[in-house]
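The values are calculated or read from the model by the stated rules, or taken from the named source; none is laboratory data. What you are looking at is a predicted structure, and each value in this text was computed from that prediction instead of being measured. Glycine also receives a Cβ, built like all others from the backbone with ideal geometry; neighbour counts cover every protein chain displayed. To get the accessible areas, we keep the full protein, side chains included, count just its heavy atoms, and leave off ligands, DNA and RNA. Shrake-Rupley method; radii C 1.70, N 1.55, O 1.52, S 1.80 Å.
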Amino acid sequence: MVSGRMTQLMASENQTMVTEFLFSIFLHPQRGGLSFFIPLLLIYGFILTGNLIMFIVIQLDMALHTPMYFFISVLSFLEICYTTTTIPKMLSCLISEQKSISVAGCLLQMYFFHSLGIAEGCILTAMAIDRYLAICNPLRYPAIMTPKLCIQLTVGSCFCGFLLVLPEIAWIATLPFCGSNQIHQIFCDFIPVLSLACTDTSLVVIVDAIHAVEIVASFLVIALSYIRIIMVILGMHSTEGRHKALSTCAAHLTVFLLFFGSVAVMYLRFSATYSVFWDTAIAVTFVILAPFFNPIIYSLRNKDMKEAIGRLFHYQKRASWAGK
């Protein structure tokens, strides 16, 4: 009896010992950390600068005050916040000796990362609906897609993201963690963290199901919208109109496939397991590469955006010369 109580006490003590998690992936490149740090820092700087320029240009240029560009500006803002939840910690782990994160910090990172990711998925869905209405129902488009509806869709997307993840994080916060504290991933994520809990985590099936519903629902809405859009575009008589519509939709589809493709591979696997290498590669795709290509796809390949950026910098240049 005494022995049983001692065992329970020791288990309890072990459970309270884990106060931080260790990112095991960053333990190995001790000498090569700087070679990863510099490219990642440059990518992060480009993500911040590119998305910030897009956000500012869209807000300042009246020619871009349309629903489509409004959603692009929201997406750019979310990308800045989304990457800031993970990349700065990665950069810190690459060059500092401390490769750990507190349990509370890990929970916060998971919460904001997934909340912003879901909000971004909802915005991409809203953009698909916007393009569907603009191309398939152009006469009613201005009456339906009003500024008020755009704001409502944006608020709803953020509300949906920050609310859906809350129960999962609250549940994980109640779990005891003991034994190993090494996370085999580049950021705090549900499965790597739950695998460290020293209690029954069978409810992870419910977590998987919730993620599956979220991803599949957005995927179906976007896929069906673009199937209908492509059918309408191919039926257009004007070659110029067909080319312009396809160009706009191609940019959206590229972002959609890059983001949702990697997210689906990561979170729709259920019982399937990947090696640490493939887990990391998939995570890099939607954590780093998708936000990196966002400003490239929406600005460098977009004539209206390039002209708006040119007008902004030309105006700034003239203002600086006038000041002198």
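Quick notes on this one:
- Separation in nanometres of the label points that stand 7 Å from Cα toward Cβ, at Val155 and Leu60: 2.8 nm
- FRET efficiency for Ile227 and Ser275, using Cβ-Cβ distance with R0 set to 30 Å, rounded to 0.05: 0.30
- Extended-chain gain in nm, criterion 0.36 nm per residue less alpha-carbon gap, Ile210 and Leu166: 14.6 nm
- Sites Ser102 and Thr174, calculated FRET efficiency, Cβ-Cβ separation with R0 22 Å, nearest 0.05: 0.85
- Its alpha carbons give the stretch 122-245 an Rg and a Dmax of 20.9, 67 Å.
- Against the chain, whose longest principal axis is taken from its Cα atoms, helix 2-17 shows a tilt of about 30°.
- On Cα atoms only, tilt of 147-164 relative to the major axis of the chain in degrees: 10 degrees
- Alpha-carbon Debye profile of the chain, log10 I(q)/I(0) at 0.08, 0.10, 0.11 Å⁻¹: -0.45, -0.67, -0.79
- The figure for Lys89 is an accessible area of roughly 60 square angstrom, using a 1.4 Å probe on the protein chains alone.
- Sites listed here are chymotrypsin sites (Phe, Trp or Tyr not before Pro) in the stretch 172-270 whose DSSP assignment is loop and whose Cβ has at most 16 other Cβ atoms within 10 Å: Phe270.
- Computed over neighbours whose Cβ is under 13 Å from that of Thr86, the net charge equals -1, Lys and Arg +1, Asp and Glu -1.
- Environment charge of Gly235, counting only residues whose C-beta is closer than 12 Å and scoring Lys/Arg +1, Asp/Glu -1: +2
- Each 10 Å bin, from zero up to the one with the longest distance, holds this percent of the alpha carbon pairs of the stretch 92-152: 19, 28, 19, 15, 14, 5, 0.
- Where the chain is the region considered: accessible area per residue in Å², 1.4 Å probe: 53 Å²
- Accessible-area composition of the stretch 154-244, carbon plus sulfur, in percent [1.4 Å probe]: 73 percent
- Other residues within the sphere of radius under 14 Å centred on the Cβ of Ser24, judged by their own Cβ, net out at -2 (K and R +1, D and E -1).
- Structure-based [θ]222 nm, the chain - -39500 (n - 2.57) summed over DSSP H runs of at least 4, per residue, nearest 500: -24500 deg cm²/dmol
- For the stretch 42-53, the Karplus equation 6.51 cos²θ - 1.76 cosθ + 1.60, evaluated at θ = phi - 60°, returns couplings of 5, 5, 4, x, 5, 4, 5, 5, x, 5, 5, 4 Hz by residue, with Gly and Pro reported as x.
- Unpaired by the 4.7 Å Cβ criterion, cysteines found in the chain: Cys81, Cys93, Cys122, Cys136, Cys150, Cys158, Cys160, Cys249
- Averaging the sequence gap over all C-alpha pairs within less than 8 Å and six or more residues apart, then dividing by the number of residues, gives the chain a relative contact order of 25 percent.
- Remark on Gln185: its backbone amide H falls under 5 Å from those of Ser24, Ile25, a criterion applied only to residues 5 or more positions apart or on other chains, H modelled at 1.01 Å from N.
- Taking all protein chains together and rolling a 1.4 Å probe, Lys303 ends up with roughly 140 Å² accessible.
- Computed with a 1.4 Å probe on the full set of protein chains, the accessible area for Ser238 sits at about 60 Å².
- For the chain, the longest principal axis of the C-alpha atoms and the axis of helix 239-267 are separated by about 0°.
- For the stretch 222-234, 3J(HN,Hα) computed residue by residue from phi via the Karplus equation (6.51, -1.76, 1.60; θ = phi - 60°) reads 5, 4, 5, 4, 6, 4, 5, 4, 5, 4, 5, 4, 5 Hz, glycine and proline entered as x.
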